[in-house]
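**Student:** If you scroll down you'll find the structure; I have some questions about it.
Rule-based calculations on the coordinates, nothing more; no lab input. Note that the structure is a prediction, hence the values are computed from the model and not measured. Cβ sites come from the backbone with ideal geometry, for glycine too, and all protein chains shown count toward neighbours.
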Amino acid sequence: MSGLNREVMLVMPYLPAGAEILYHNNQALIKWGDLDGDGINEVFGIYRYNQGQYLFVLKNTYGSYLSYFPVTKAVEKRAVRMLHESFELRAVYLFPAAIREIGGTKWGYINAKGFFKLPPIYDKAEDFQDNDLAVVGLLDKAGIINEKGYFIVSPKYDTIEPFSEGRSIVNDGEGFKVIDESGKEITERAYSVIGTEYKEGRVEAAETDEQGNYQYGYLNKRGKVVIATIYESASEFTEGKAVVKSKGGQYQLIDLTGKVLHTYPYAWVGNYGENLLSFKKSNDGKYGYIDVKGHIVIEPKFTNADRFIDGRAIVSIEINRNEKYGIIHSKGLFVLKANYNQILYLGEKRYAIGKEIDPKQACMRSVFAVSDHEGRILSGFIFREIGLFHDGIASVSDDQHTYFIDNQGHKLNHLPQVSGSGSLSFDKTLIKGDIDHRLIYFNQNNQLIWEQTNILTLNSKYAVAEHKYKPNYDYLVYYPEIKGMDHPAQVNKILKEMAGVKQVPSTPLEFNYTGDYEITYFRKNLLVMELVGYNYPFCAAHGMPIKKYAHINLKTGRVYQLKDLFKSGSLYVKVISDFIEKQIKSNDQYSYIFPNEFHGIQANQPFFIDEKGLNVFFNPYDIAPYAAGFPTFTIPFGELKAFLDVNGEFWRAFQ
């Protein structure tokens, strides 16, 4: 090996015999830095051994003396990122980005300079993972691509979870399965349920018994059942241990082989953490903590009790019929008194502690401060959102802006601050922002290198501009404005009203509303826009989705209704109603429709035009359960030709 230097000679004795340090542009891939934040530098780099490439991390405790030490996944990722940034090991990193097109928003991937390297052809696009694979969506199905855009897994699954320990959980019509990084299904059959990620080489899986109940067990990384599916419930593994509930109703602690370590005589036992488990003596009793042998360590006195992490647990007690949260240590004493309506663990021994925004509201919502694990409050109660801490830094949003803070709660002014709410994160060589439901990217110099364009050109005359309306933290609407029309004022006023732009107070609301739009169809003079919204009353089981369509003649400015498509006096309502009734009775696709609830359409029934024909739809609960969304029936124009006004303005606008 040529070009040996002091660093190479220093680390070589700690590497396997025959290993070689990798070089890039005549530089050894070795770097010094404090990876774990303990004030002591590590030396780390990449070496080649037996045709494989490996990361090494050594602790530089005593100057020239190095030593091995346990390395967490977070430290490994930090080391790899720093090496990539220092030596520019990768020519191209790719980042998901979206553009609005006729037919809907499409996703592709940009490089670190903000230029598309994989064209925007996908309906959805997730981040590239550490294995250089990304989940994308096409035609309501999910697939996996590599960084060249080639499909490793064709779009055939309903869902694909991120890879964990080299495995991903997928779901299709048959059920849940496991695939490896080549896309191969490694499970021999589909399961009723599989957990979202592998931990310690295991993932929970369930089959359904003859009574329709789930029976849980565990799969290994080969997709094989390593612990039989015989349990009523099963937790993820932590430190080689998991809690299961046997068919007899007993809670047990098992190891990675399924060996029963302990059986507990309690009504309920929670997840394992740091040799303690939460438990209840009776189903309607309070929560306390036991050790692994079942001995009571903290007497039951809490209304909720989370797993211990870093020597602390989040618990709650009932005060004046309100649940208040605090933080305890392993002896059960409060380090942060139970005075808060919400507490979240942020990692790195930091917590988000929440106070209600308005105590008079029926449902409490929180404004947060940052606390350490000793109960010291490090910031004011000014944050609406706080992300997890990584390397001593977290993203926060207040009422107006999103920015970074350090682990003392101080704003980091050398990093980007943006208007709006959401999150900022370090993503490979860029800083990624997910702000008010739009992605933005900054480079390492805090320069904005990409944001979604707010103008869509339809043709040489017409365009659609996007505007944002956010009068309140809990009210956000994106609405369209048509450019190029001779008299656009009335049409654009209608679009604003349909989108949900209205007078909204700046004081706290009792609901959250988001609105957006898509351009679904454009042909000749007809522009069709879909305007969607979601209204969530705080404390409700779920919100109510809203969907409307505007059919606009760009030449005349007219906004059409359903009746405008048909001849005057025609029986279009009966014809469409009969068609839909026939579909409901003959097509199993519509088996979810409430029996005897369809009684025909209204003259002003919601509808939209596309290439397939006329689409008539119903709102949630009209004729089907909420989960069915907007039941939609497509009627080809050929089925309606005797009733269509083919000489009318609406028809001629697009035909």
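**Student:** Listed here are the pairs Lys73/Lys331; Lys582/Lys641; Lys156/Lys612; which of them are more than 21 Å apart at the Cα?
**Tutor:** The answer is Lys73/Lys331; Lys156/Lys612.
**Student:** Let me ask you something else. To the nearest 10 degrees, how steep is helix 73-87 against the longest Cα principal axis of the chain, on a 0 to 90 scale?
**Tutor:** Helix 73-87 sits at roughly 80 degrees to that axis.
**Student:** Hey, could you get me the Stokes-Einstein D for the stretch 446-562, Kirkwood radius over alpha-carbon pairs, 10 °C and 1.306 mPa s, rounded to whole µm² s⁻¹?
**Tutor:** The estimated diffusion coefficient comes to 102 µm²/s.
**Student:** Now for a separate question. Rounded to the nearest 0.05, what FRET efficiency is calculated for Ser67 and His410 with R0 set to 35 Å and r the Cβ-Cβ distance?
**Tutor:** Given R0 = 35 Å and the Cβ-Cβ separation, E is 0.55.
**Student:** Would you mind checking the tilt of helix 572-586 against the longest principal axis of the Cα atoms of the chain, expressed as 0 to 90 degrees and rounded to 10?
**Tutor:** That works out to roughly 40 degrees.
**Student:** Would you mind calculating the relative contact order of the stretch 468-582 from Cα pairs under 8 angstrom and at least 6 residues apart, reporting the percent as a whole number?
**Tutor:** Contact order relative to length: 21 percent.
**Student:** Also, quick follow-up: In nanometres, what is the gap between the two model label sites at Ser460 and Arg523, each 7 Å from Cα along Cα-to-Cβ?
**Tutor:** So the two model labels end up 2.3 nm from each other.
**Student:** Let me ask something else about it. For the chain, count all C-alpha to C-alpha pairs, find those more than 32 Å apart, and express that count as a whole percent of the total.
**Tutor:** When all Cα pairs of the chain are counted, 64 percent exceed 32 Å.
**Student:** Can you pull out the trypsin sites (Lys or Arg not before Pro) in the stretch 583-655 that DSSP calls coil and that have at most 16 other Cβ atoms within 10 Å?
**Tutor:** Sparse-neighbourhood loop trypsin sites (Lys or Arg not before Pro): Lys612, Lys641.
**Student:** Counting Lys and Arg as +1 and Asp and Glu as -1, each charge on the Cβ, what is the dipole of the chain about the Cα centre in debye, to the nearest 20?
**Tutor:** 700 debye
**Student:** Hey, if you drop one equal point scatterer on each alpha-carbon of the stretch 85-234 and run the Debye formula without solvent, what base-10 log of I(q)/I(0) do you get at q = 0.10, 0.21 Å⁻¹?
**Tutor:** Calculated log10 I(q)/I(0) at the listed q: -0.42, -1.20.
**Student:** Further question: Note down the nm distance, to one decimal, between modelled labels 7 Å out along Cα→Cβ at Ser586 and at Val297.
**Tutor:** 6.7 nm
**Student:** Starting from the Cα-Cα distance between Asn41 and Lys224, subtract it from 0.36 nm times their residue separation and give me the gain in nm to one decimal.
**Tutor:** Stretched fully, the Asn41-Lys224 segment lengthens by 61.7 nm.
**Student:** With the Cα gyration tensor of the stretch 162-280 giving a ≥ b ≥ c as the square roots of its eigenvalues, does the rule (a/c under 1.5 for rounded; else a/b larger than b/c for prolate; else oblate) give rounded, prolate or oblate?
**Tutor:** It comes out oblate by the Cα gyration axes.
**Student:** Now a separate question. Could you list which residues have their amide H under 5 Å from that of Tyr475, counting only those 5 or more apart in sequence or on another chain, with H placed in the peptide plane?
**Tutor:** Those lying under 5 Å, H to H, from Tyr475 are Tyr513.
**Student:** How long is the gain from Thr507 to Gln444 if the chain were fully straight, where each residue apart is worth 0.36 nm and the alpha carbon distance is subtracted?
**Tutor:** 19.0 nm
**Student:** Just name one of Leu476, Tyr157, Asn553: the one whose Cα is farthest towards the positive end of the charge dipole of the chain (beta-carbon charges, Lys/Arg +1, Asp/Glu -1).
**Tutor:** Checking the options against the dipole of the chain, the answer is Asn553.
**Student:** Next question, about the same structure. Measuring from centroid to centroid over Cα atoms, what is the spacing of the stretch 515-536 and the stretch 5-45 in Å?
**Tutor:** The stretch 515-536 and the stretch 5-45 have Cα centres spaced 56 Å from each other.
**Student:** Now, a different point. Using only the C-alpha atoms of the stretch 341-450, find the volume of their convex hull and express it per residue in Å³.
**Tutor:** Measuring per residue, one finds 100 Å³ for the Cα hull of the stretch 341-450.
**Student:** Pull up the cross-link candidates among the lysines for Lys337, meaning alpha carbon to alpha carbon under 24 Å and not fewer than 8 places away within one chain.
**Tutor:** Lys280, Lys286, Lys301, Lys324, Lys349, Lys355, Lys360
**Student:** Between the alpha-carbon centers of the stretch 83-152 and the stretch 542-577, tell me the distance in whole angstrom.
**Tutor:** Centre-to-centre distance over Cα atoms comes out at 37 Å.
**Student:** If you don't mind, another one. Just want the answer: with Cβ charges of +1 for Lys and Arg and -1 for Asp and Glu, which residue in Tyr266, Asn322, Asn615 is farthest toward the dipole's positive end in the chain?
**Tutor:** So the residue we want is Asn615.
**Student:** Another question, then. For a quick check of your reading of the filter: which chymotrypsin sites (Phe, Trp or Tyr not before Pro) in the stretch 348-432 sit in a DSSP loop and have no more than 15 other Cβ atoms within 10 Å?
**Tutor:** Counting only loop positions with at most 15 other Cβ atoms within 10 Å, the chymotrypsin sites (Phe, Trp or Tyr not before Pro) in the stretch 348-432 are Phe381.
**Student:** Further, regarding this structure: How many nm is it between the label spots at Val80 and Phe637, if each spot is 7 Å from the Cα in line with the beta carbon?
**Tutor:** 5.3 nm
**Student:** Which angle from 0 to 90°, rounded to the nearest 10, does the C-alpha axis of helix 489-499 make with the longest principal axis of the chain?
**Tutor:** Taking Cα atoms only, the helix is inclined about 50 degrees.
**Student:** Something else now. Would you calculate, for the chain, the mean residue ellipticity at 222 nm contributed by helices, counting each DSSP H stretch of 4 or more residues as -39,500 (n - 2.57) and dividing by all residues, to the nearest 500?
**Tutor:** After summing the helix terms and dividing by residue count, I get -2500 deg cm²/dmol.
**Student:** ³J(HN,Hα) across the stretch 185-197 via Karplus (A = 6.51, B = -1.76, C = 1.60, θ = phi - 60°), whole Hz, x for Gly/Pro?
**Tutor:** Karplus-based 3J(HN,Hα) across the stretch 185-197 equals 6, 9, 7, 6, 8, 8, 10, 5, 8, 9, x, 7, 8 Hz.
**Student:** Still on this model: Starting from a Cα-only point model with no solvent, please compute log10 I(q)/I(0) by Debye for the stretch 318-378 at q = 0.25 1/Å.
**Tutor:** -1.06
**Student:** R0 = 25 Å: FRET efficiency of Thr159 with Asp209, Cβ-based, nearest 0.05?
**Tutor:** 0.55
**Student:** Between Gln452 and Tyr534, what's the calculated FRET efficiency when r is the beta-carbon distance and R0 is 30 Å? Round to 0.05.
**Tutor:** Efficiency, rounded to the nearest 0.05: 0.90.
**Student:** Which value, in debye to the nearest 20, describes the size of the charge dipole of the stretch 73-153 about its Cα centre when Lys and Arg Cβ atoms bear +1, Asp and Glu Cβ atoms bear -1, and nothing else is charged?
**Tutor:** Charge dipole, the stretch 73-153, about its Cα centre: 100 debye, nearest 20.
**Student:** Now for a different question. Over the alpha carbons of the stretch 132-217, what is the largest minus smallest coordinate on each principal axis, giving the biggest first in Å?
**Tutor:** Principal extents (Cα only, largest first): 46, 31, 18 Å.
**Student:** Could you give the dipole magnitude of the stretch 280-370 about its Cα centre, charging the beta-carbon of Lys and Arg +1 and that of Asp and Glu -1, in debye to the nearest 20?
**Tutor:** Dipole magnitude for the stretch 280-370 comes out near 120 debye.
**Student:** From the phi of every residue in the stretch 647-654, what ³J(HN,Hα) in whole Hz does the Karplus formula 6.51 cos²θ - 1.76 cosθ + 1.60 yield, where θ is phi - 60° and glycine or proline is x?
**Tutor:** Once θ is set to phi - 60°, the couplings for the stretch 647-654 become 9, x, 5, 4, 4, 6, 5, 10 Hz.
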